[in-house]
Amino acid sequence: MMKHLQNLVEEEEATIDMTPMLDVVFIMLIFFIVTASFVKESGIDVNRPDAPTAVKKDRANILIAISDKGEIWINKRKIDVRAVQANVERLHAENPQGSVVIQADRKSTTETLIKVMDASRAAGVPDVSIAANE
């Protein structure tokens, strides 16, 4: 009987408490999720015009693509020009430091580009840029 109790005590001493390690792993996971910069795509490939003075834009979180047929894409969804302002307002509320970058195809019309730029500025985003190749 005494030997049986001694074996139980040894078995209890041999266990390892994993709770602190799991806490640290979850805290690190939350830290990396919060600090990660998520890249959002507009949804289509655009044949951008060339510009020798093009510069790289940091924190471009709201991407709007205009196809050669005048279609407007935000977050891989085709939207109407009248819905651009509401979509930009929603995305700007998620990330107030972000800016709008319009990826207009070289064959798209200037009229569509101006409407998208106006809707973006009306949504409260003062920093609106147009994407180009260097």
**Prompt:** So how many residues does the stretch 113-127 have that are in contact with a helix residue (DSSP H, G or I) (Cβ under 7 Å, 6 or more places away or on another chain) and either assigned to a helix (DSSP H, G or I) or open to solvent by 20 Å² or more (accessible area, probe 1.4 Å) (or both)?
**Reply:** 6
**Request:** Among what's in the stretch 74-112 and is outside any strand (DSSP E or B) and of a type in the set (Lys, Arg), pick the residue that is farthest from the chain's Cα centre (by Cα).
**Result:** Lys107
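The values are calculated or read from the model by the stated rules, or taken from the named source; none is laboratory data. What you see is a predicted model; the values in this text were computed from it and never measured. Note that we place each Cβ from the backbone using ideal geometry, even for glycine, and neighbour counts take in every protein chain shown. In case anyone asks, the SASA skips ligands and DNA or RNA and just uses the protein heavy atoms, side chains included. Shrake-Rupley method; radii C 1.70, N 1.55, O 1.52, S 1.80 Å.
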